[in-house]
Structure formats: C-alpha cells, structure tokens
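Q: Sharing a structure here in structure tokens format.
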Amino acid sequence: MSHILIGVGGGIAAYKVCSVIRHFTEAGHDVRVIPTRAALNFVGAATFEALSGNPVSTDVFDDVDEVAHVALGRKADLVVVAPATADLMARAAAGRADDLLTASLLTATCPVLFAPAMHTEMWEHQATAANVATLRERGATVMTPASGRLTGTDSGPGRLPEPGEIGLIGDLLLDRADALPHDLAGLEVVVSAGGTREALDPVRYLGNHSSGKQGYALARAAAQRGARVTLVAGATTDPGDPAAVEIVNIDSAMELEREMSRRAATADIVIMAAAVADFRPVAVAGSKIKKGDDGPVPIELSTNPDILAGLVRQRVRGDISAETVIVGFAAETGDADGGVLDHGRAKLRRKGCDLLIVNAVGDGRAFGTEDNTGWALSADGRETALPFGSKTLMASRILDEVAAVVRNGDRHID
Ligand code: CTP
C-alpha cells in the first residue's frame, strides 16, 4: 500500500478526478485528496471524502495541530495533480505555499504527476510553457494533455487525459520514478499495434489474439516523453486511446504496410508492435460465403509482405532516412533448434532492424495479459533483460533502449 496525494485544481474537469481517486483506492492505496478552494466550486468536499475515505481540507490553517501542510507531502509516495490548471502550475512553479496543496507540493520528495486541463490558448501561452518547463526540469512529470472537445464549443489541445490513463501513469511512476523523462521531445514516432484482420468475405476474417496493449503502452509513453506520435492500430481489445496520440485505424496487413511505409518516411523512430498475419486469403468473396452442401470450402492463402523487413529495405534504398531507428518485436518459444534468445538473435539478423524486443510466449504469457517480460537485443550486440512488469513499465524500459540507439547512432548497417 502506498500513500497517494491527489491535488485537485479548480477546473470543470475536476469531476473526472473522482475516477482517478477510485483507481488508487481500488488498488488498496491510502488516498488523501487536497482540492484547491476553486476546485470545491466544481466538486464538493463530501464527494472527495466519501471516495477517499479520508478527511479533506484546503487551507494551511486546517488541522494545524497535525501540521498537515508539512505532513501530507512528506508522507506521500506519489502526488497526482488533476486537473492541473494554468494558475495551479504557475503557483507550483513559483514555489508558492498559499494553500494546503501548494504547501504540500513543497514538502513532497516523491514523484509528482501533473495532468493539465485548460483552454488551448492557455496551454500554448508562453507563460504556461515556461512553468511546465520549470516543473519538468525539477523532475515533475507534466503530462501532455489530450486534444479534443473543451468546455464550451472550442476544441484543441488542453483536454484532461482520460482518468484511466492518469491512473496508469501514476502506477508507472510508483514503480519507476524516472520512467518518463522528456527525452523524445521534437522526435516523430510511429507505432503499429494490435492484430491485422484478413477478410474472407464481407462478414468474416482471419485474425489473431493480439490485444494491442503493448503497442498502445509504447505510444502513450512516447507521447508523454515528448514525441509526436502516430499509432497505426489494427484490431485491439480497446486499451483506451492515449492522450496526444494520432490514431490511424487499419484492418489488413496490406493496409498496415501502406500506412507504415508512408509514415516512416518522415519518422525518427518506427516501432512495429503489431501482430501481422503472415498469410491472407487469395480472394475476398464479394458476398457472404454459403455453407453449401459439399462441406467446407478450402481457403487458398497467399503470403503477406514482411512489413518490418520492408521498412529496413526502404531505409537501405534511401526512401527512409538512414537516421530513422527501426524497432521490431518477436514472440518466441524455445524449441529443439534453440532457446528464446537464440531465435531472437537470428530474427534480429534476418529482419535487419536496429532493436528487437523479444518476448517469451506460451503458457499464457504475453498475449492479452497485463504484464510482460523479455529482452531488448540491439544490432550492436547489446542485450538488455527487461524485467517482469506491467506493459506500461515495459514500454518505458523499451523506450530507454530506443533512446539509447537514437543517442548512440548504432543502426544496423548493411
Ligand atoms: N512483422 C511484419 N510483417 C509481417 C510479420 C511480422 O512487419 N508480415 C513484424 C512484427 O510486427 C514484429 C516482427 O515482424 O515486429 C516479428 O514478427 P514474427 O511474426 O515473429 O516474425 P516472422 O518473421 O514471422 O518469424 P517466425 O518465423 O517466427 O514466424
């Protein structure tokens, strides 16, 4: 059990923080909520008290005997500020201590997560940008807000990230305080995720069990590390749309190939986390295939392109920049020819990518589960174990390896 402090700013999105409180109490954590006075215009203290099971105060002069303005911050293992308004982040960046929340932020030594919500002009204003930069320099994680409908009729960047996503990122920071450095700022990242569906007729397809969770976690973490991210998504079990990520939906491997080769042309990092069908039906029936009287009709298949290997070839030809880092995935089981790592090493050579993330599968591991484990094999021979953990944690470790390749420039060269 950890001590979670949830600071609530005075914005209309304050009501959404109720789900964030739930996320942490349901995981068994002790949650204390500190709203600003303005937040109480949107959600009453009674709601926060009922959801957290703890008393709520806003003022440094409440509970003076317990020295709450010092004690709450000191005791916290994680502080989540949501919605983080422009004013609240300005006060935090200036080191003010004019209410219980800002005073607590000054005494907290744990990871601090700000989930901003405000109108686009306020988010993009230089003053806010400077405050966000200051908070990040001091080690806080300031999420990039989502884009979409804001209060009123306007729309754009400034929407509070979904409560589920704030919860996931909070969990990640509890596991690993330095999981989200802002080290991918200015980079363009394209991630594929989910499974392809190869149509047989207008109602049927050949598909696979990919949940898309690992690819979505990578897109989410890359966006929160500052990258501009496009997620090319096949079929998933709906892992929730990550904030500040452009999503392009595809069905088949051929569509995925088209999108990836087009988008990779301008990308700095390409991550192929999708589960691509190796084969597709030669013909797609124009109308629903009938049972008929002659029993099952055989399905003739043809081979899909290897998209990952194709991207590497595009780079060799010069259609993709030599600087672009290409990352593949391999789900392996050991067999008579070798262990999981032997197969991974051979696949890294065969595909020619810069980094291959190898997952051991079988016995219920990896597919559709919440956790993952594996290795990152890089073209220069580096092999890093990725310890067991949530797919969000795995994503942050994978991006560490990707960032190292970007920094060191050790691409695959042949
Ligand atoms: N991949 C791809 N195009 C395909 C198949 C796979 O781009 N047609 C990518 C996947 O997204 C993944 C990597 O290649 O990043 C590994 O896929 P995998 O199916 O394990 O590789 P295969 O070459 O099919 O090897 P195997 O012999 O193990 O089936």
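The values are calculated or read from the model by the stated rules, or taken from the named source; none is laboratory data. Just so we're clear, the structure is a prediction, and the values are computed from it rather than from any experiment. When we count neighbours, we look across all protein chains shown, and the Cβ atoms used for this are built from the backbone with ideal geometry, even at glycine. For the accessible areas, the whole protein counts, side chains as well, though only heavy atoms, and no ligand, DNA or RNA atoms are used. Shrake-Rupley method; radii C 1.70, N 1.55, O 1.52, S 1.80 Å.
Q: Give me P(r) over region 171-329, computed from all C-alpha to C-alpha distances, binned every 10 Å, as integer percentages.
A: Answer for region 171-329: a P(r) of 11, 35, 30, 15, 7, 2, 0 percent.
Q: Let me understand region 261-414 better: what is its radius of gyration from the alpha carbons, and its Dmax, in angstrom?
A: Reported Rg and Dmax, both Å: 18.4, 63.
Q: Right, next: On the protein heavy atoms, probe 1.4 angstrom, tell me the percent of accessible surface of the chain carried by carbon and sulfur.
A: Details: 9450 of 18610 Å².
Of all accessible area on the chain, carbon and sulfur atoms account for 51 percent.
Q: Separate question: Suppose R0 equals 51 Å. What FRET efficiency, 1/(1 + (r/R0)^6) with r the Cβ-Cβ distance, do Thr107 and Ser155 give to the nearest 0.05? Write down the numbers at each step before the final one.
A: Values: r = 38 Å, r/R0 = 0.74.
It comes to 0.85.
Q: Give or take rounding to whole Å, what are the principal axis extents of the alpha carbon atoms in the chain, in descending order?
A: 80, 54, 42 Å, listed from the longest principal axis down.
Q: Continuing with this model, one more query. Under a crude label model (7 Å from the Cα following the beta-carbon direction), how far is Val282 from Phe388 in nanometres?
A: According to this spin-label approximation, the distance is 4.7 nm.
Q: Taking only protein heavy atoms and a 1.4 Å probe, what accessible area per residue, in Å², does region 119-274 have with all protein chains in place?
A: 41 Å²
Q: Ok, one more. So, R0 is 41 Å and r is the distance between the beta-carbons of His182 and Thr303; what FRET efficiency does that work out to, to 0.05?
A: Numbers: r = 42 Å, r/R0 = 1.02.
Computed FRET efficiency for His182 and Thr303: 0.45.
Q: Additional query: For region 2-115, what D do you get in µm² per second when you plug the Kirkwood radius from alpha-carbon pairs into Stokes-Einstein at 20 °C and 1.002 mPa s? Walk me through the numbers on the way to the answer.
A: Numbers: Rh = 13.5 Å.
Calculated translational D: 158 µm²/s.
Q: I've got another one for you. Going out from 0 in 5 Å bins, what whole percent of all Cα-Cα distances in region 203-253 drops into each bin?
A: All Cα pairs, binned at 5 Å, distribute as 5, 21, 30, 22, 13, 6, 3, 1, 0 percent.
Q: Moving on to the next point. Cross-link partners among aspartates and glutamates for Lys391, C-alpha distance below 17 Å, same-chain residues fewer than 8 apart left out?
A: The qualifying aspartates and glutamates are Glu165, Asp171, Asp175, Asp178, Asp238, Asp241, Glu370, Asp371, Asp400, Glu401.
Q: Something else now. When the chain is modelled as a GNM with alpha-carbon springs shorter than 10 Å, which of Gly381, Gly156, Gly226 fluctuates the most?
A: Gly381
Q: Beyond 29 Å between alpha-carbons counts as too far, so tell me which of Lys290/Lys347; Lys213/Lys347; Lys16/Lys213; Lys213/Lys288; Lys213/Lys351 fall in that bin.
A: Working: Lys290/Lys347 40 Å; Lys213/Lys347 23 Å; Lys16/Lys213 23 Å; Lys213/Lys288 32 Å; Lys213/Lys351 23 Å.
Those over the limit are Lys290/Lys347; Lys213/Lys288.
Q: Which value results for Rg/Rh of region 55-199 when Rg is the Cα radius of gyration and Rh the Kirkwood radius based on the inverse mean 1/r? Display every interim value, and only then the final one.
A: Working: Rg = 17.3 Å, Rh = 16.7 Å.
Rg/Rh: 1.03.
Q: May I pose another question? Separation between the Ala265 and Asp293 pseudo-spin-labels, each 7 Å from Cα along Cα→Cβ, expressed in nm?
A: Label-label distance for Ala265 and Asp293, simple model: 5.5 nm.
Q: So if R0 is 25 Å, what FRET efficiency would Asp59 and Ile12 give, r being the distance between their Cβ atoms, rounded to the nearest 0.05?
A: Details: r = 23 Å, r/R0 = 0.91.
Step by step, r from the Cβ atoms, then E = 0.65.
Q: Same structure again: Would you mind working out the magnitude of the charge dipole of the chain relative to its Cα centre, with +1 at each Lys and Arg C-beta and -1 at each Asp and Glu C-beta, to the nearest 20 Debye?
A: With Lys and Arg at +1 and Asp and Glu at -1, about 620 debye.
Q: If you don't mind, another one. Å³ per residue of the Cα convex hull, for region 131-191? Provide the component values of the computation, followed by the final result.
A: Details: hull volume 7.7 nm³, N = 61.
Measuring per residue, one finds 127 Å³ for the Cα hull of region 131-191.
Q: To continue, here is another question. Going highest first, how would you order 330-338, 277-285, 228-236 by mean Cβ packing within 10 Å? Please report the intermediate quantities before stating the final value.
A: Values: 330-338: 13.8, 277-285: 15.3, 228-236: 23.9.
Highest mean packing first, the order is 228-236, 277-285, 330-338.
Q: Please list, or write none, the aspartates and glutamates whose alpha carbon is within less than 15 Å of the alpha carbon of Lys75, excluding same-chain residues fewer than 8 places away.
A: Those aspartates and glutamates meeting the cut-off are Asp30, Glu66.
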